[in-house]
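Note sheet for the following structure.
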Amino acid sequence: MRYVQIPVPVNSPLPKASSISHMAYFCSQVLSTSFFTPKSQIPVLLNPGVACIKSFHQYRFLHIKAMQGDKVSTPTPSDECMVRVPHVLTVAGSDSGAGAGIQADLKACAARGVYCSTVITAVTAQNTVGVQGVNIVPEDFVAEQLRSVLSDMHPDVVKTGMLPSIGIVKTLCQSLKEFPVQALVVDPVMVSTSGHTLAGPSILDIFREELLPMADIATPNLKEASALLGGVPLETIADMRYAAKAIHDIGPRNVLVKGGDLPASLDAVDVFYDGKDFYEFRSSRIMTPNTHGTGCTLASSVAAELAKGSQMLSAVKVAKRYIEAALSYSKNIAIGGGRQGPMDHLLKLKSNVQRRPFDPCDLFLYAVTDSRMNERWGRSIVDAVKAALEGGASIIQLREKEVETSDFLEAAKACLKICRVHGVPLLINDRIDVALASDADGVHIGQSDMPAHVARVLLGPDKIIGVSCKTPEHAQQAWIDGADYIGSGGVYPTNTKENNKTIGLDGLKTVCLSSKLPVVAIGGIGISNAQAVMGLGVPNLKGVAVVSALFDRECVLTETRKLLEVLKESTK
Ligand SMILES: Nc1ncnc2c1ncn2[C@@H]1O[C@H](COP(=O)(O)OP(=O)(O)OP(=O)(O)O)[C@@H](O)[C@H]1O
Ligand SMILES: Cc1ncc(CO)c(N)n1
Ligand SMILES: [Mg+2]
């Protein structure tokens, strides 16, 4: 028995085992992997039994059993079908408060889309007040962790943080000679921001003699730069330049002297030196107590960019931008009672998570706008949406076929503001770009628009995706592709959409029964027939979507209210 692995991004739902060809399409189109060649052989190659699913950073692998006796030229799992993920190994100390150290490195790498493995050199008892205790991991066990990771997982970049003993530094240098990596980022951690010693002055010689000369970049803060140079005071940007050059002379290929602690500096200025030129990286100084772990985060972000293949200068540039964004995002978070709080690395994910999750009941009274109707009645999109919301619409879709992109985007942003006030989701018809740019709650797509599984990859796991479906096959595909709901119709004839086949109540019922997804009925529905539609009584039919019945009328507010009453009546 063999296993064939198919990588599928974590954000997308699992395809059903029965749709192997879909998966092959997915691999070839979305991931640009050419595992299945020729494509036409796919159905006979594999026994469609999904054996297990492994998580592996961005991708999980569907392991599909290829049984003996299958008609094969069976493809064996080959390097060609595996997707390599950029990988940073951090060799650092654990911070129980999770603001700095190993925990900051893990979060920074995750936020930057890079896999991070961890070799722990010390366990600290630490919080927002300070460091209460340090327990150093025995040197031979650090060596064992290093061997485990380096011999098997082949990280692209190694980043170092707290290295609390001479023996640990020696072990690390030895391991790196045995298992060379693409780049070494050395953050010469010595003192915590609260003033606690994490690696004493006895470490300086081995840093200077062995570790720093191996480094592609060293990232000391002001105190560490000063210690490495025998205690010279560093108080100005000119001093930082001097330090960057002097540390470069010790051996690292590049030096970034971090100026987070530069006294009396309005901006947060870091000085970079590559042996030839100096560069100043400036960002505004964010007024926040939550700067614990900024150094670890910056060094990890540089390592993450290098692992992705960036040049050193652009890696530092991007890392600095990320630190500024993360600090700005975290400036008001309150964790712990001390003076040095942690920041929130996963800002992007967080902004998605805070969105109210999709509730199928949102589909109850689904209002879909139409620019021609608005024009006819002399209304703006925003006014139309406002009226529908006030009348009780439970979800809004902007379906604007004739509007210019920039006007559409402005309208979407304005509508989103009002929808948020009402706690109602806003979807965009067809235009994934407009949904992304306006940060709308999702999209509704038809059978000939962007394929839903591609839309899912583009929009991420949290946005709502609805798909128009006329048949059980469409509905099945929508499920596989990761849709959140189905729009099914036209239930009745309609003028809103040309050449639209009417599927009738029977067609609607067939689609509903063929899927577990919630369904909203659409097409020619209004006050006179909404009750008949909801009367179908299938549990996943959650509501009706209407265009003309609301927007091709003189008073949108009144029509919406009336329809809401009819719908409420029908569910009694
Ligand atoms: N308040 C701030 N606003 C903007 N950027 C800052 C701020 N504080 C620090 N930084 C930036 O964060 C990065 C880390 O610098 P910093 O000098 O604080 O390192 P560090 O002292 O090693 O950090 P830590 O020991 O807290 O992990 C630098 O790019 C610095 O410019
Ligand atoms: C474990 C650990 N590493 C690094 C730092 C420096 O921020 C810290 N405070 N704790
Ligand atoms: Mg600092």
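The values are calculated or read from the model by the stated rules, or taken from the named source; none is laboratory data. Just so it is clear, the model here is predicted, and its values are computed rather than measured. Virtual Cβ from ideal backbone geometry, glycine too; neighbours counted across all protein chains shown. Ligands, DNA and RNA are excluded from the accessible area calculation, which covers all protein heavy atoms including side chains. Shrake-Rupley method; radii C 1.70, N 1.55, O 1.52, S 1.80 Å.
Observations, loosely collected:
- Residues that are within 14 Å of CYS415 (Cβ to Cβ) and of a type in the set (Lys, Arg) within segment 352-403 comprise ARG379, LYS386, ARG399, listed in sequence order.
- Segment 96-121, subset closer than 16 Å to LEU346 by Cβ and in a strand (DSSP E or B), residue farthest from ligand 3 (Cβ to nearest atom): TYR115
- Subset of segment 205-234 that is within 39 Å of the chain's Cα centre (by Cα) and of a type in the set (Asp, Glu) - its residue that is nearest to ligand 3 (Cβ to nearest atom): GLU224
- Number of the condition not met by HIS292 [criteria: (1) more than 16 Å from ligand 2 (Cβ to nearest atom); (2) under 23 Å from CYS116 (Cα atoms)]: (1)
- Among the criteria (1) farther than 25 Å from MET287 by Cβ; (2) among the small types (Gly, Ala, Ser); (3) part of a loop (DSSP other than H, G, I, E, B), the one GLY338 does not fulfil is (1).
- Members of segment 154-191 found to be of a type in the set (A, V, I, L, M, F, W, C), more than 14 Å from ALA92 (Cβ to Cβ) and either in a loop (DSSP other than H, G, I, E, B) or at pLDDT below 95 (or both), listed by number: PHE179, VAL181, VAL191
- Candidates in segment 191-204 are the residues that are surrounded by fewer than 21 Cβ atoms within 10 Å (Cβ to Cβ) and within 16 Å of ligand 3 (Cβ to nearest atom); of these, the one that is nearest to ASP249 (Cα to Cα) is VAL191.
- The single condition among (1) at pLDDT 95 or above; (2) touching a Gly at 6+ places or on another chain (Cβ under 6 Å); (3) not in a loop (DSSP other than H, G, I, E, B) that SER488 does not satisfy is (2).
Matching residues to (1) out of contact with any Leu (no Cβ under 6 Å at 6 or more places or on another chain); (2) more than 24 Å from SER226 (Cα to Cα):
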site	(1), (2)
ALA100	yes, no
GLN103	yes, yes
ALA108	yes, yes
GLY113	yes, yes
VAL119	no, yes
THR128	yes, yes
ARG147	yes, yes
VAL157	no, yes
ILE166	yes, no
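- Among residues of segment 190-209 that are without any contact (Cβ under 8 Å) to a residue 12 or more places away in the chain, those with a beta-carbon under 6 Å from a residue that is within 16 Å of ligand 3 (Cβ to nearest atom) at least six positions away or on a different chain give the pairs THR197/VAL191.
- If you check ILE465, ILE480, ILE418 for being within 18 Å of LEU363 (Cβ to Cβ) and either under 27 Å from the mean Cα position of the chain (by Cα) or part of a strand (DSSP E or B) (or both), only one passes: ILE465.
- Any hit, segment 521-532, residues being in contact (Cβ under 8 Å) with a residue 40 or more places away in the chain and either aliphatic (A, V, I, L, M) or surrounded by 17 or more Cβ atoms within 10 Å (Cβ to Cβ) (or both): yes
- Only one entry in GLU324, GLU375 is among the charged types (D, E, K, R), in a helix (DSSP H, G or I) and in the same structural domain as LEU427 (by the TED database), namely GLU375.
- Residue in segment 345-358 that is in contact with a Ser or Thr (Cβ under 8 Å, 6 or more places away or on another chain) and surrounded by fewer than 15 Cβ atoms within 10 Å (Cβ to Cβ) present: no
- Being crowded, with 17+ Cβ neighbours inside 10 Å, assigned by the TED database to the domain that holds MET214 and part of a strand (DSSP E or B) is a property that holds for VAL134.
- Unique residue being open to solvent by 40 Å² or more (accessible area, probe 1.4 Å) and modelled with pLDDT of 90 or more when the list is ALA319, ALA334, ALA304: ALA334
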